[in-house]
Amino acid sequence: MSDTERRERFEQTVLPHLDAAYNLARWLTRNDQDAQDVAQEACLRAFRFFDRYQGGSARAWLLTIVRNTCYTWLHKNRHSDSTEFDEEIHSSEVCGSTDPEVQALTAAEKETVNHALEDLPDVFREALVLREMEGMSYREIADVTSVSLGTVMSRLARARTRLRHSLTVEFSRRF
């Protein structure tokens, strides 16, 4: 296979999943700039080892590389001054309502959910992001994270329980 054919095949296979790669990196690093760096490094690794891709879910294959790249990067570069995710800054979505009160409440709710997600342990947050935000099946999550299906189900159940508890406490405090 020529270099051009290899590059074109890579682009057709991997590029549709770049948003998912960034999203996973963003939630694992908890920082926009770091997520961009990790996603780029993961894509370079994916391209370098594309010959080893044996078919199947390209998305799961790429997210496995992103996950591994992310944890390697975090191990080498973890620092305490990471920037927290701010939905208003990092998202291009705008609330559909023009009512300032509704917009303020919606922004506060998003911020509360984001903080609750960020407070989850890494393995729980990772499983929840892959399932709920990326729409991956339990089997795909098991493949990406290299754990058993039972472990995926357990992590998701625990993540949901912790998230529910955290949000219940936060919202009951407010209202």
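Around residue 124, what is the net charge, scoring Lys/Arg as +1 and Asp/Glu as -1 over all other residues with Cβ under 13 Å from its Cβ? Working shown, then result.
Working: positive: 125, 131, 155, 158, 160, 162, 164; negative: 118, 119, 122, 126, 132.
Net charge in that neighbourhood comes out at +2.
Obtain the nm distance between the two label points defined at residue 54 and residue 15 by a simple spin-label model: each point lies 7 Å from its Cα along the Cα-to-C-beta direction.
2.8 nm
Under 20 Å from a label point 7 Å along Cα→Cβ of residue 174: give me every residue in the stretch 137-168 with its amide N that close.
160-168
Give the peptides 130-141, 28-39, 109-120 in descending order of average Cβ contacts within 10 Å, highest first. Can you show the working numbers first?
Numbers: 130-141: 17.8, 28-39: 19.3, 109-120: 16.2.
Ranked from most to least packed, the peptides come out as 28-39, 130-141, 109-120.
Taking the Cβ of residue 19 as the centre, find all other residues whose Cβ is under 11 Å away and add up their charges (Lys, Arg: +1; Asp, Glu: -1). Please report the intermediate quantities before stating the final value.
On the way: positive: 26, 59; negative: 134.
Net charge around residue 19: +1.
Which whole-number percentage describes the relative contact order of the stretch 17-64, with Cα contacts under 8 Å and a sequence gap of 6 or more?
Values: 29 pairs, mean separation 20.4, N = 48.
It comes to 43 percent, rounded to a whole number.
Every number here is computed from the coordinates shown, using simple stated rules; none is lab data. Since this is a predicted model, take the numbers as computed values, not measurements. All Cβ positions, even for glycine, are placed from backbone atoms using ideal geometry, and neighbour counts span all protein chains on display.
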